[in-house]
Amino acid sequence: EQPNEWAKTIKPSANASDTQVLQLDFWQAFNDFAKNTSFPKSFRLRAAKSHNWYDLSVGDSRYHICIEAKKQKGEATVGIYIPEDKELYNSFLLHKVQLTTALGCSESEIVWTGSDAKKASRFYLSKGIDMTDTKQWPTIFKWYISNCLAIKKLLPTIL
């Protein structure tokens, strides 16, 4: 016998802070929500962890989609994280218009960070949330899913 997913996720939280427990619950709820959508056809769901981020592979080791839920900042984000490739970052930057069109937002709504960073760079959309309000979660999960799918669909056309 092996521990089930619930046992695997609960065990690390035995000495966890309230924020870590909330993060674990949030990402587990995201996984449960996403399972009932078309999302798993495009992305492999990851085990829920007590972090403020959740990474999604896009089939290219140079970058990945990162979604975040920041309790203290009251912010949810979705975007591309690039660990160490300034040329790739600049390539994305050249496609601002296509990105804004695909994401249904204005250029000013996409935050670009990293042109002056030594290593990692990224771009993302953000949305205000109260992570402690579980009634908001489905709305945020839908927002994550629609933006992740839009980004993944756009990637082959711009790279």
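Among the lysines, which fall within straight-line cross-link reach of K86, defined as a Cα-Cα distance under 24 Å, with same-chain neighbours fewer than 8 residues apart omitted?
Hits, sequence-local ones excluded: K96, K118, K119, K152, K153.
Expected output is a single nm value to one decimal: the length gained when fully extending between K41 and I158, i.e. 0.36 nm times separation in residues minus the C-alpha distance. What is it?
Full extension of this stretch gives 40.0 nm more.
Pull out the extension gain between V97 and K135, defined as 0.36 nm times the separation in residues minus the alpha carbon to alpha carbon distance; nm, one decimal.
Once the chain is fully extended between V97 and K135, it gains 10.3 nm.
What FRET efficiency, computed as 1/(1 + (r/R0)^6) with R0 = 25 Å and r the Cβ-Cβ distance, is obtained for E75 and E107, rounded to the nearest 0.05?
So the FRET efficiency works out to roughly 0.80.
Given a 1.4 Å probe, how much area per residue of the chain is accessible, in Å²?
58
Whose amide H sits under 5 Å from the amide H of D85, counting only residues 5 or more places off or on another chain, with H placed in the peptide plane?
S121
Within the accessible area of region 14-158, what % is carbon and sulfur when the probe is 1.4 Å and the other protein chains stay in place?
Carbon-and-sulfur percentage of accessible area, whole number: 48.
The values are calculated or read from the model by the stated rules, or taken from the named source; none is laboratory data. This is a predicted model, so every value here is computed, not measured. Virtual Cβ from ideal backbone geometry, glycine too; neighbours counted across all protein chains shown. All accessible areas refer to the heavy atoms of the entire protein, side chains included, with ligands and DNA or RNA removed. Shrake-Rupley method; radii C 1.70, N 1.55, O 1.52, S 1.80 Å.
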